[in-house]
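Participant: Submitted below is the structure of interest, expressed as structure tokens.
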Amino acid sequence: MPDHPRVFISYSHDSEEHRERVRQLAASLRADGLDAWMDQYSPAPVEGWPRWMEAEFDRADFIVIVCSAGYAERFNRKPGSGSGVGWEAVLIRQELYEQGGNTRFIPVFFNDEEQTVPKVLRPYTRHPLPTRYDALLRQIDEASPTLGPQPRSPLPAAPLQSEGVRPGSGVRCIPWNAPPLPDQYLPREELDAFKLSLIAKGPQAIAVAGQHHRLGVQGMPGVGKTLLAAALAWDPEVHEAFPGGVFWLTLGRTPDSPVPWQAKLAAQLKGAPVEIDTPRIGKATLAELFAAGPPALLILDDVWRTEDAEPFSAIVPPSRLLVTTRNRDAATGLGATVRELLELKAAAGLALLAAYADRPVATLPQVAPEVVRECGELPLALAMAGAMLRGRPDDRWPTLLTQLQKADLAYLAAALPDYSEHRSMLAAIEVSVQELPEDVRHRFLDFAVFAEDIAVPGGRSAPSLARHRRRSGHGPENG
């Protein structure tokens with residue numbers, strides 16, 4: 001430990017008065033020979049505030065946490081809500097979990113705000129300021145065994161260089177080409193861990209599955225890989241970490257020629273049209289553009305084969321690549337660390353079923369947990385089941401459960417071999433199709449001849465669909 005221990009100050013920007021108290025605390029610590037540091041001492045970082053915070057956490061010998069009502073509110077926000085404190089909360093919880101205890105987090109508070117200390121930090125020594133400022137210094141001294149209590153030469157005041165990580169000051173963007181989150185979206189408890197892997201310093205590619213520069217999200221059909229990736233794409237803290245932008249491409253089983261999409265992606269990165277003739281030239285162009293700009297995130301969704309994603313695998317650190325796939329080999333072939341996404345836990349599955357059924361969890365019928373189990377705790381199956389039950393009376397729930405249990409799946413297993421090992425998904429698909437009115441079901445099956453991720457063409461099919469919608473009361477003249 002150096003002669004002047006590094007002390008990082010974590011706080012929230014509640015008011016200008018509070019910011020001034022924190023500045024005075026930092027100045028006092030520096031005058032007492034501690035290398036106190038905070039966001040206002042740093043210019044806005046090119047790499048984004050989340051990575052700056054993580055680097056400061058790594059450099060610090062001690063982290064003084066200034067607790068307040070604003071800090072507590074942001075610390076306890078749900079995943080994906082944004083704010084600098086929210087990202088620091090992830091880092092704090094992760095370290096406490098990994099270390100099995102606390103060696104460097106020191107909560108402090110002004111006035112009588114002890115109740116604002118986050119629960120995970122309440123077991124540890126905390127200090128009211130300014131009355132116990134000397135005790136704070138002693139704790140740091142006693143935790144510095146190589147130095148012990150001793151006078152230290154004061155450090156000069158650090159100049160203010162920015163407003164710091166103020167609420168609403170982070171980079172906010174609309175991810176390019178990313179699907180919107182559904183109205184019934186509920187953050188998964190795994191979101192923070194995936195976000196930590198994605199934003200943390202290190203190599204540049206990840207597949208939804210570890211921590212590496214390329215991250216892969218791998219899991220069975222219907223487990224929620226795409227939705228998790230979309231939640232990351234729309235997350236404000238991810239936007240702050242990747243000021244160069246967030247970009248989304250869906251490949252699928254039968255992807256289009258890569259050249260047009262390489263050109264579209266290159267145009268987004270450059271801000272001007274880019275001509276690309278071959279996949280090889282496109283990949284080289286993308287690599288140059290990613291290297292020339294600030295950190296960016298590229299998400300490749302539904303990758304089936306490594307060779308399909310290879311034309312876009314042009315990420316240069318500190319940019320990152322995130323891949324979703326049901327095929328682990330496709331992610332590892334891109335050099336990605338793979339993290340597996342599993343089924344929902346029972347309580348989360350029940351909450352998702354309730355969201356799609358549009359009713360509170362407490363009002364769900366008694367058979368609801370059985371419906372969750374029969375859906376295999378898979379988000380897609382639960383979403384279909386909940387949508388089928390929306391607005392239905394309670395006595396419809398046991399009927400649906402029976403339909404799921406007795407669904408005839410032989411023909412679906414043959415038609416959808418990728419789902420053959422996942423009976424719950426096949427059952428949900430079968431029941432949802434059978435629930436359609438007969439004429440609508442026939443029309444739906446007519447359109448099943450089109451491959452996934454392919455727009456239904458015009459021509460003969462468009463007038464046919466329009467006529468059917470008018471007859472069924474769904475045409476334009478019927479609203």
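Participant: Need one number: nm distance between label points at Thr125 and Val440, each 7 Å from Cα along Cα→Cβ, rounded to one decimal.
Facilitator: Roughly 6.7 nm, to one decimal.
Participant: Further, regarding this structure: When a footprinting reagent is the concern and you count Cβ atoms within 10 Å, what order do Ser319, Ser153 take, fewest first? Before the final figure, lay out each step's value.
Facilitator: Details: Ser319 24, Ser153 7.
Result, fewest neighbours first: Ser153, Ser319.
Participant: At 0.36 nm per residue, minus the direct Cα-Cα distance, what do Arg152 and Arg253 gain on full extension? Give it in nm, one decimal, please.
Facilitator: Values: separation 101, 0.36 × 101 = 36.36 nm, distance 6.47 nm.
That pair, Arg152 and Arg253, stretches by 29.9 nm at full extension.
Participant: Fully extended, how many nm does the chain gain between Gln115 and Ala347 (0.36 nm per residue separation, minus their Cα-Cα distance)? Don't jump to the answer; show the numbers that get you there.
Facilitator: Details: separation 232, 0.36 × 232 = 83.52 nm, distance 2.93 nm.
Result: 80.6 nm gained on full extension.
Participant: I've got another one for you. How far is it, in nm, from the label point at Asn327 to the one at Asp358 when both lie 7 Å from their Cα along the line to the Cβ?
Facilitator: Using points 7 Å along Cα→Cβ, the separation is 3.9 nm.
Values in this text are rule-based calculations from the coordinates and carry no lab data. Computed from a predicted structure; not experimentally measured. Quick reminder, even Gly has a Cβ in these numbers, built from the backbone with ideal geometry, and neighbours come from all protein chains shown.
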